[in-house]
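Novice: First the structure, which I've put down as structure tokens, then a few questions once you've had a look.
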Amino acid sequence: MNPIFKILSNLGNQVTSRIWRLGSATRLFLLTLIYSGESFKRIHLTIREIYFTGVMSLIIIVVSAFFVGMVLGLQGYYTLQKYGSSESIGVLVALALLRELGPVVTALLFAGRAGTAITAEIGLMKATEQLSAMEMMAVSPIARIIGPRFWAGVISMPILASIFSMVGVMGGYLVAVPIIGVDHGAFWSQMNVNVDFRFDVINGLIKSFVFGVACTIIALYEGYDAPPTAEGVSRATTRTVVTSSLTVLGLDFILTSFMIAH
Amino acid sequence: MTQKNIVEIKNLSFGYGNRMLHKDINMVFPRGKVTAIMGGSGCGKTTILRLIGGQIKPKAGQVTVDGKIVHKQDRQGIYELRRKMGMLFQHGALFTDLSVFDNVAFPMREHTKLPESMIRDLVLMKLNAVGLRGAHKLMSTELSGGMARRVALARAIALDPDIIMYDEPFAGLDPISMAVICDLIRTLNDALGATSIIVTHDVEEAFSFADYIYFVADGTVAAEGTPKELSKSKLPFVHQFVHGEKDGPVPFHYNAPSYKKDIYESA
């Protein structure tokens, strides 16, 4: 076969397969929404999943947020003092966390911590025929397995991002006020004046909600679509992290563009 | 009107892509009987169970369950048919996050509004039938292969199904567990007045309890009959299978060019 033709053919196959997967993932997403009523009838399952995906992710979120906040405090102070506005450190830390780092880093950590667990769990359930068994018992796996995990992820993400931002501000405060010696009052009052609830806090929450939908559905789809073998599940788990991370970063740019434009 | 045959397969063809797995298969499964489907690995025995359960659709022909054509049912219709079926998967397919008790209670909780006290009694009765009432508090991950298979059987019969399907119920079991499962299949079938369909390649076990046997080979029904008829069969495939001969109509070697040619080409 002509090498150029072969390259084009491979490229075409890759593109077709990506579009196919995007379509399947969208279909799963829509089915999950359609079956949400049935999922919410079993609300205890969603609560249980919130514990596994949300509560169990708290440690990594809190520890990361604290260090990110401290680094922001240090770097921010170093830069701001050159312009003689080191009192604005509180604003810098809060805005960076609320608008960007809170939602984005939380989503990346969520994809690594909870997303991989979801993919591996569902992939293994498929490999051990648990999903087929459920289907044969006339119980929809989308209502019983996918739905509760989806809503747990969507509910957990904005809460985790809020906790991330709060703990990050604490970390920034610890470095800026007790260690470096920035004025305590200036730190909080500047933040109070310059952080807008609608444009900073709510926009950050909207971002984390969108990231929650994206990361959770990617993790669920990868698990649901994984070939039922050890290699298949391992590849699906890797794909969850890669796809979620890239999607979060891409979506962040798009959302930020819209938010700044308005 | 009650059909004589609870499941009927008529002129069924099925395949993946261009590769046909089944060609024009006909089978009937009479009520109250234990019917075995036998054949070599990869001949599509399990696929027949999946076609009966409506998990996949045939390319041609049809499967009817209780007079209803399976692939023409909508989701609701298929789920209604599945409520009449119980299926034992090859490795049990127990839900690993649930205990033995909760696994057996699962279909009852999903499909009935029975009070928890009654579910408890029913679950213990089902587990007692498979000899594992004492294990109801264990997690499914704590069970041996044979025990997991028995719990899965208790779950399959949780709603007293009309049809019980078994996918390789003896695979990987020790002789004692095998004998227990063998005995349970016949006992439960007769006690529940159900119809059993068993996919297996274990000749001795299938011949000991089945009322009727279908042999599947090359995508078609190669032979059928009662165990007595088949054990006397002179058909080369049946003879090879029943006596476990390594060569015959099913060749020992996978399709390959001549040995000599392969060796010389690689030299």
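Here is a yes/no grid of residues against (1) of a type in the set (F, W, Y); (2) within 14 Å of B:A36 (Cα to Cα); (3) surrounded by 13 or more Cβ atoms within 10 Å (Cβ to Cβ):
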| site | (1), (2), (3) |
| --- | --- |
| B:L173 | no, no, yes |
| B:A179 | no, no, yes |
| B:G193 | no, no, no |
| B:T200 | no, yes, yes |
| B:F209 | yes, yes, yes |
| B:V221 | no, yes, yes |
| B:K232 | no, no, no |
| B:V242 | no, yes, yes |
| B:Y264 | yes, no, no |
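Novice: If you don't mind, another one. Scan the range A:10-40 for residues that are among the charged types (D, E, K, R) and in contact (Cβ under 8 Å) with a residue 24 or more places away in the chain and jot them down.
Specialist: A:R21, A:E38
Novice: Being farther than 19 Å from A:T256 by Cβ, within 14 Å of another protein chain (Cβ to nearest Cβ) and either assigned to a helix (DSSP H, G or I) or not hydroxyl-bearing (S, T, Y) (or both) narrows it down to one residue among A:L109, A:L131; which is it?
Specialist: A:L131
Novice: Which one is nearest to the other protein chains (Cβ to nearest Cβ), of the residues in the range B:41-58 that are of a type outside the set (S, T, Y) and exposed (fewer than 15 other Cβ atoms within 10 Å of the Cβ)?
Specialist: B:I56
Novice: Going through the range B:69-85 one residue at a time, which ones are in contact (Cβ under 8 Å) with a residue 24 or more places away in the chain and of a type in the set (A, V, I, L, M)?
Specialist: Answer for the range B:69-85, where residues must be in contact (Cβ under 8 Å) with a residue 24 or more places away in the chain and of a type in the set (A, V, I, L, M): B:I78, B:L81, B:M85.
Novice: Something else about it: For the structure I just gave you, tell me whether B:H239 is modelled with pLDDT under 80 and part of a helix (DSSP H, G or I).
Specialist: yes
Novice: If you don't mind, another one. Taking into account only those residues within the range B:124-138 that are within 23 Å of the chain's Cα centre (by Cα) and touching a residue at least 12 places away in the same chain (Cβ under 8 Å), which is farthest from the other protein chains (Cβ to nearest Cβ)?
Specialist: The extreme case among them is B:G131.
Novice: Inspect the range B:73-83 for any residue being over 30 Å from B:N128 (Cβ atoms) and away from every other protein chain (no Cβ under 14 Å) and give the result as yes or no.
Specialist: no
Novice: Based on this model, can you work out whether A:G204 counts as buried (at least 18 other Cβ atoms within 10 Å of the Cβ), of a type in the set (G, A, S) and in contact (Cβ under 8 Å) with a residue 24 or more places away in the chain?
Specialist: Criteria met by A:G204.
Novice: Of all residues in the range B:76-135, count the ones that are small (G, A, S), surrounded by 15 or more Cβ atoms within 10 Å (Cβ to Cβ) and not in a strand (DSSP E or B).
Specialist: Residues that pass the stated criteria total 5.
Novice: Ok, one more. Specify the residue that is surrounded by the most Cβ atoms within 10 Å (Cβ to Cβ); the eligible residues are those in the range A:32-63 that are among the hydroxyl-bearing types (S, T, Y) and either part of a helix (DSSP H, G or I) or within 18 Å of the chain's Cα centre (by Cα) (or both).
Specialist: Once the filter is applied, the top-ranked residue is A:T53.
Novice: Of all residues in the range A:134-150 being charged (D, E, K, R) and in contact (Cβ under 8 Å) with a residue 12 or more places away in the chain, which is nearest to the other protein chains (Cβ to nearest Cβ)?
Specialist: By that ranking, first place goes to A:R144.
Novice: Another question, then. Hey, can you tell me all the residues within the range A:209-246 that are hydroxyl-bearing (S, T, Y) and within 26 Å of A:R144 (Cβ to Cβ)?
Specialist: A:T216, A:Y221, A:Y224, A:T229, A:S234, A:T237, A:T240, A:T243, A:S244 - these are the residues of the range A:209-246 that are hydroxyl-bearing (S, T, Y) and within 26 Å of A:R144 (Cβ to Cβ).
Novice: Give the residues of the range B:139-166 that are within 14 Å of another protein chain (Cβ to nearest Cβ), over 18 Å from B:K33 (Cβ atoms) and either among the charged types (D, E, K, R) or part of a helix (DSSP H, G or I) (or both), sorted by residue number.
Specialist: Across the range B:139-166, the qualifying residues are B:S140, B:T141, B:G145, B:A148, B:R149, B:V151, B:A152, B:L153, B:A154, B:R155.
Novice: OK, next. Condition check: crowded, with 22+ Cβ neighbours inside 10 Å, modelled with pLDDT of 90 or more, assigned to a helix (DSSP H, G or I) and in contact with a Leu (Cβ under 9 Å, 6 or more places away or on another chain). Does A:L220 satisfy that?
Specialist: yes
Novice: If you don't mind, another one. Hey, could you check the range A:64-81 for residues that are in contact with a Ser or Thr (Cβ under 8 Å, 6 or more places away or on another chain) and more than 10 Å from A:V167 (Cβ to Cβ) and say which is surrounded by the most Cβ atoms within 10 Å (Cβ to Cβ)?
Specialist: The selected residue is A:Y77.
Novice: Further question: Give the residues of the range B:59-72 that are within 13 Å of chain A (Cβ to nearest Cβ) and in a strand (DSSP E or B), sorted by residue number.
Specialist: Within the range B:59-72, B:V65 is the sole residue that qualifies.
Novice: Considering every residue within the range B:244-267, establish whether at least one is modelled with pLDDT of 85 or more and either in a loop (DSSP other than H, G, I, E, B) or over 30 Å from B:K59 (Cβ atoms) (or both).
Specialist: Among the residues of the range B:244-267, not one is modelled with pLDDT of 85 or more and either in a loop (DSSP other than H, G, I, E, B) or over 30 Å from B:K59 (Cβ atoms) (or both), which makes the answer no.
Novice: Within the range B:93-115, does at least one residue satisfy the condition of being in contact (Cβ under 8 Å) with a residue 60 or more places away in the chain, within 11 Å of another protein chain (Cβ to nearest Cβ) and within 19 Å of B:L159 (Cα to Cα)?
Specialist: yes
Novice: For the range A:1-31, give me each residue that is of a type in the set (A, V, I, L, M, F, W, C) and either under 17 Å from A:V213 (Cα atoms) or exposed (fewer than 10 other Cβ atoms within 10 Å of the Cβ) (or both).
Specialist: A:M1, A:I4, A:F5, A:L22, A:A25, A:L28, A:F29, A:L30, A:L31
The values are calculated or read from the model by the stated rules, or taken from the named source; none is laboratory data. Quick caveat, the model's predicted, so the values are computed rather than measured. In this analysis, Cβ positions are derived from the backbone assuming ideal geometry, glycine residues included, and neighbour counts consider all displayed protein chains.
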